[in-house]
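Only one structure is covered here, and it is reproduced in the block below.
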Amino acid sequence: MAEDRALAHLLGQGLRLVARNYRTPGRGGGEIDLIVRERDGTLVFVEVRKRASSSFGGAAGSIGWQKQRRIVFAARHYLMRLPAPPPCRFDVISMEGGSIQWMRAAFDAG
């Protein structure tokens, strides 16, 4: 599974798993594949995408503005549960063929 491989990659880089497949309640919400924490405390919301090839924009190109909006919505929902939100960012792990690419700060909440 792509998420398992992405998580193993992130754990190998020293990040720690916080949550997996976090979903907002109700319809029309969002879902975050992985939420991990950097050693410095930064909370990282990770979208995992896998494609057989780079045709049609590839894995990373499949994350359009609507998907980004849903991820940001879910992240805000998650952060509301915390007493003090830590620094955060949105990363993408893309897999095409046999390669894996980790794009830090792939998009922002703006």
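We did not get these values from a lab; they are worked out from the coordinates using the rules stated. What you are looking at is a predicted structure, and each value in this text was computed from that prediction instead of being measured. Neighbour counts are summed over all protein chains in view; Cβ atoms, including those assigned to glycine, are modelled from backbone coordinates with ideal geometry.
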Handout entry: Cross-chain or 6+ apart pairs with Cβ under 9 Å, the stretch 8-24 first and closer than 20 Å to Ile71 by Cβ, then part of a helix (DSSP H, G or I) and among the acidic types (Asp, Glu)
Key = Arg20/Glu3; Asn21/Glu3
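Can you confirm whether Ile100 is buried (at least 17 other Cβ atoms within 10 Å of the Cβ) and within 13 Å of the chain's Cα centre (by Cα)? I'd like the intermediate steps shown before the answer.
Numbers: buried (at least 17 other Cβ atoms within 10 Å of the Cβ): yes; within 13 Å of the chain's Cα centre (by Cα): no.
Spelling it out, it is not the case that Ile100 is buried (at least 17 other Cβ atoms within 10 Å of the Cβ) and within 13 Å of the chain's Cα centre (by Cα).
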